[in-house]
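Let me begin by presenting the structure, written as structure tokens, before commenting on it.
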Amino acid sequence: ASLDVSILSVTTDTTHQYPSRMVNITVVVKNNGNVSATFYVATYRNSTLIGNQTVTNLGAGASKTLIFNWSTAGLTPCKKWIIRAEAPLIGDNNPGDNNVTDGSVKITMVGDVNADGVIDGQDLLLIIGAIPSYRGHPWWNQYADLNDDEVVDGPDLATALLNIPTCP
């Protein structure tokens, strides 16, 4: 019997996000061995655990997609987090592909629509360009919805104007 699982990919649904919002992390795992395997997959932001999920009886040659929901609540704006997944398995014949780091997510200041570390005229123009819109509308910009009410409108512009700092 040959045990060998691997992480094929780790991706996030965004490269930046505001504090207290969700980031979805998609992890694809594969059983490269010739017997079914049960193992867990863990995701991390830097060295801090985001979550674990168990994969049960993944058949030989099969792959599975897992979605991890990461809440950015309590995280300080202007910091970038490296995203990583691991699938440790005792007896794995090829453990080198059980740990994958792929990309990062920057936590931005509320109002830094383009995630450049400054709330300025460029951000205000992006918000104005999305007014009025809602999820699914052609002008929709999720980063311009500063109060997370699924609508880009005047209160979002006012929030940006009240938050005009620069990352340190």
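Just a yes or no: is a residue in segment 101-108 in contact (Cβ under 8 Å) with a residue 60 or more places away in the chain, more than 16 Å from the chain's Cα centre (by Cα), open to solvent by less than 40 Å² (accessible area, probe 1.4 Å) and within 21 Å of residue 46 (Cα to Cα)?
No, there is no match, as no residue in segment 101-108 is in contact (Cβ under 8 Å) with a residue 60 or more places away in the chain, more than 16 Å from the chain's Cα centre (by Cα), open to solvent by less than 40 Å² (accessible area, probe 1.4 Å) and within 21 Å of residue 46 (Cα to Cα).
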(1) surrounded by 13 or more Cβ atoms within 10 Å (Cβ to Cβ); (2) in contact (Cβ under 8 Å) with a residue 12 or more places away in the chain; (3) small (Gly, Ala, Ser): which one isn't true of residue 154, the others all being true?
(1)
Give the residue that is nearest to residue 164 (Cα to Cα), with candidates limited to residues of segment 118-137 that are of a type in the set (Val, Ile, Thr) and not in a loop (DSSP other than H, G, I, E, B).
118
Which members of segment 117-151 meet the condition of being closer than 15 Å to residue 16 by Cβ and either of a type in the set (A, V, I, L, M) or surrounded by 15 or more Cβ atoms within 10 Å (Cβ to Cβ) (or both)?
117, 118, 119, 123, 126, 141, 142, 143, 144, 145, 146
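Can residue 92 be described as touching a Leu at 6+ places or on another chain (Cβ under 9 Å) and touching a residue at least 40 places away in the same chain (Cβ under 8 Å)?
Values: touching a Leu at 6+ places or on another chain (Cβ under 9 Å): yes; touching a residue at least 40 places away in the same chain (Cβ under 8 Å): yes.
Yes: the conditions hold for residue 92.
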Pick out, from segment 1-114, the strands (runs of 3 or more DSSP E) lying fully within it that include 1 or more residues that are modelled with pLDDT of 95 or more and of a type in the set (D, E, K, R).
22-31, 37-45, 63-71, 79-86, 99-107
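Which residue, of 12, 76, 54, is under 25 Å from residue 91 (Cα atoms), open to solvent by 20 Å² or more (accessible area, probe 1.4 Å) and hydroxyl-bearing (Ser, Thr, Tyr)?
Numbers: 12 fails: under 25 Å from residue 91 (Cα atoms); 76 fails: under 25 Å from residue 91 (Cα atoms).
The unique qualifying residue is 54.
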State whether one or more residues within segment 29-50 are free of Cβ contacts under 8 Å to residues at least 40 places away in the same chain, of a type in the set (Gly, Ala, Ser) and surrounded by fewer than 15 Cβ atoms within 10 Å (Cβ to Cβ).
yes
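One line per residue, one yes/no per condition, for (1) closer than 23 Å to residue 76 by Cβ; (2) within 22 Å of the chain's Cα centre (by Cα):
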| site | (1), (2) |
| --- | --- |
| 122 | yes, no |
| 129 | no, no |
| 138 | no, no |
| 149 | no, yes |
| 153 | no, no |
| 156 | yes, no |
| 163 | yes, no |
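The values are calculated or read from the model by the stated rules, or taken from the named source; none is laboratory data. These numbers were taken from a predicted model, which means no experiment stands behind them. Glycine gets a Cβ as well: all are built from the backbone with ideal geometry, and neighbour counts include every protein chain shown. Side chains are part of the model used for accessible areas, which takes the heavy atoms of the whole protein and leaves out ligands, DNA and RNA. Shrake-Rupley method; radii C 1.70, N 1.55, O 1.52, S 1.80 Å.
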